[in-house]
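Below: one structure, written as structure tokens.
The values are calculated or read from the model by the stated rules, or taken from the named source; none is laboratory data. Remember, it's a predicted structure, so these values are computed and weren't measured experimentally. Positions of Cβ are generated from backbone atoms using ideal geometry, with glycine treated the same way; all protein chains shown enter the neighbour counts. All accessible areas refer to the heavy atoms of the entire protein, side chains included, with ligands and DNA or RNA removed. Shrake-Rupley method; radii C 1.70, N 1.55, O 1.52, S 1.80 Å.
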Amino acid sequence: MGGWSGERTAVRRRSVRLGGLDFNQRWDLSAFLARFSGVHPLRRVLTLALLIGALATPLLAAASAYQDYRQLRTLGQDAITHLLAGKDALMPPTADSGATSGGSCVVAGTATPQPSSTKPQAGSKAPAASTGSAGSGSVSGLKVPDPQQLATAQREFATARSEFQQLAGLLDVPNPTLSIAGDVPSLRGTMSTVRQLVYIGDDAATVGYDLTVAATPLLTRLHNGALADSSQPLITAKEAAQLRGAIITSTTLLGDIQRHSGQVQPSQLPVSACQRAEFVKLTGEIGQARSILTQVPALFDMATWLVGVGQPRHFLIQTMDRAELRPTGGFTGDFGVLTLNGGRVSPFTLRDVNWVYNNTLGNAAPPVYSWWPFGNWGLRDANLSPDFPTTAHLEMGLYQRYVARAIGQPTQVDGVVQLTVVPIAHILQITGPIRMADYGETVTAANVEQRIHYYQNNFTAIAREDSICRVNNASKTATTRKCFTGELGKLLEDRVRHLSMSQLTQVVKSILGDMHAHEIQIYVTNPKIESYLLGLGYAGRLTTAPGQDSLMVDQANVSVSKASAYVKVRMSDDVTLDSTGGATHNFTMSINNDPSVDPTDAAYSSITTYRDYVRVYVPRQAQLMWANGFDTGKPVCWEPTLTDKPKTKPPKQFAKLPKCPTVMFGDGSLVCPKGNYAPGPNMTTGDGVEWPVDDTGFPTNDRSDVAGLTMFGGYVTVPENCTGTITLNWYVPHVAAPSSAVGAKSPAYTLYVERQAGTEIPAAVTIHPSGAVKSESHRSITYAGVLEADLMLTVPRPKS
């Protein structure tokens, strides 16, 4: 239609004749009225009716459009209000996050969103005013919702979904007025944007509803105490399947949301600038959220397997004493079987490994470990490989053959977990001190290792422990000297069971950190989980990656003493790269045996000589060029360790050996400032015979127990107050650029230094780049510090 012509009473219309009047010409209102009065009455009535109808149609259409607009706006605002109320029910806004869901971004023209009215159930109290907290604890600032909040969220999401679907129906099948609005160029973009937003709202409400319904059983039990109640499953197989299905559906819906949001023009959003910016921010994160959710089903399957959903899982748990260092971190003095059923932890008991020691009398270690000096090889000595999956298979085999039936536990276990005292101390930092009333002790993170050693090694403490243990240990799961440790384990387990969700989150973070440092090592029989742990660096498997260099130094204290508590070890590796892509290593490791460093642990053993089996693991293609410092097993002299008995005669087998001189080993492989090089009794034979001083030299063993790695190993014998030093020089080809074995997108050189659990070794590493591939700084790469986790050093490629 055209606009007004500029004259108040004149207007141009299409050619229409009403009652003999021609409307195709300019007409004057007064003239029209005069002429109209002369028309036949019947024709006047018909003409007036048609005129009123012609004028009423656009007026009624305008009224209908306004009414439709009001309906759409009200319904849309109400749907958004319920959607936000559902979100707030699950994640109540805190005082510092804004008064409403949007903070300062309030839906235009609306009051603060209010949840749907509800009637409290019989016997329930009216909810208190929100203080930003809910549930029994929080996870990273988010509270675990209680049952009432979950019910509210379900109701709000359901209402929002219903209203968004009504809106979608009105927009998908619009009345004629809305159809015309969609055809108007100036409104077409806005109508399209509104339609996409409605679809997004419908999908978002569906995601919220489905996930809330599926997660309600689990969240309700978590709210009531995650671990405290072991009488019922935390989650059943049916509930797990429902939750998994909801996650998959939500992933699909997020894809729809991402597609719809891509068709939204932010400039067309009928919202404030603040809300528009928030919309742009959130839509930008949808892809990442969907990517994460895509991985959730596989992770969910792993988690449900791990916690025993549908079938109980049993794991062999072993604690390690790092004061008696062994290949995976320490002597495995205590063990137990942990059962997880439906997400719940069954009561757990630590047992003294010596309780089943006699079951393996006469058993020998596998041939690849022929260096192991003790007979009766069993569960307590099975952690012979620094490659944890290898050790785990050894442990599981021994457990199945010799241990399971003896302790009345399942013969098959689903994995092995070994840990040092370090994770226990970290957990005590979260739980707080534990009072052991029977012993009059308070165990803290700072003293837990010292108190365990005291009750396991001090004769006075063991005698006191014996009197307590006879009363408390009716099940005879521990020998006398391990009762304190077993009781501490039970008290700590009970304390962890009753931690809040916030504290449990701290425990999980602490465990992950200790897994990264190998203070906790885990192997599971589920190949998908094991592969996932390997990808994260948590599997404890030694690296055999091609195109990179590696170094792992492993020690085994076979001194029958707690000497590892005071023996100090240092190591250094000087690496020179050449123009062909090879790396030459000059490695040294010093072992200082000074009992005065820790006289308490030193007093627990009469053995003063430190006998260590050292193995150095390097890439398969490594070539040993020179070495020194290992005990060759070839005696050179004999002298007694008891200096107050100089007339002691040597055993018959050593009678022909000369007496040891005051100064020996001019190569520095063994230095004893006090001049006594005698190693004393060899505890591996148990006959009390004092052994001779052996010569030092090359490693005596090159048989690797880890596929894909070369190993140089042998004994290092360090008498009291002496320092032993081993030196190794080897060459590794094809680990640096320009070798084709190194990927074009990889650094020019990568050295991966792996840490042995239970150790705190100061290390110094220097890498000298070759002339062919200089580092960006054209300088050597250096590291100096204590190895607290695996270390990766790289030489970057020069910038082109």
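Annotation: extensible slack from SER346 through HIS393 equals 14.5 nm (criterion: 0.36 nm per residue apart, minus Cα-Cα distance). Solvent-accessible surface (1.4 Å probe) assigned to GLU754 amounts to roughly 10 Å². For THR710, nonlocal amide neighbours, meaning residues 5 or more places apart or on other chains whose placed amide H falls under 5 Å from its own, are VAL618, ARG620, ALA622.
Residues in segment 509-520 carry Karplus couplings, in order, of 4, 5, 4, 4, x, 6, 5, 4, 8, 6, 6, 10 Hz; the curve used is 6.51 cos²θ - 1.76 cosθ + 1.60 with θ = phi - 60°, and Gly or Pro positions show x. Once both labels are positioned 7 Å from their Cα atoms along Cα-to-Cβ, the gap between GLN148 and ALA277 label points is 3.7 nm. Cross-link list LYS238/LYS528; LYS490/LYS568; LYS490/LYS562; LYS281/LYS799; LYS87/LYS281: which exceed 28 angstrom alpha carbon to alpha carbon? Exceeds cut-off: LYS490/LYS568; LYS281/LYS799. Rounded to 0.05, the FRET efficiency of the VAL786 and ASP301 pair, given R0 = 35 Å and the Cβ-Cβ distance, is 0.35.
Each part reduced to its alpha carbon centroid, segment 550-614 and segment 282-343 end up 32 Å apart. For segment 716-800, applying the loop criterion from DSSP together with a ceiling of 12 other beta carbons within 10 Å to the trypsin sites (Lys or Arg not before Pro) yields LYS745, ARG779, LYS799. Protection proxy ranking of 360-366, 259-265, 205-211, 234-240, by the mean of other Cβ atoms within 10 Å over each peptide's residues and highest first, is 205-211, 234-240, 259-265, 360-366. Label reach from VAL508 (point 7 Å along Cα→C-beta): in segment 143-158, amide nitrogens under 15 Å belong to 143-145. When peptides 325-338, 560-573 are sorted by average Cβ neighbour count within 10 Å, with the highest value leading, the order is 325-338, 560-573.
By how many nm would the segment from LYS656 to LEU361 grow when fully extended, if each residue of separation counts as 0.36 nm and the alpha-carbon distance is taken off? Before the final figure, lay out the partial values.
On the way: separation 295, 0.36 × 295 = 106.20 nm, distance 3.57 nm.
Stretched fully, the LYS656-LEU361 segment lengthens by 102.6 nm.
Stretched out straight at 0.36 nm per residue, the stretch from ALA168 to SER500 would grow longer than its current Cα-Cα span by 115.2 nm.
Report the FRET efficiency, 1/(1 + (r/R0)^6), for ARG73 and ASN526, where r is their Cβ-Cβ distance and R0 is 45 Å, rounded to 0.05.
On the way: r = 54 Å, r/R0 = 1.20.
Given R0 = 45 Å and the Cβ-Cβ separation, E is 0.25.
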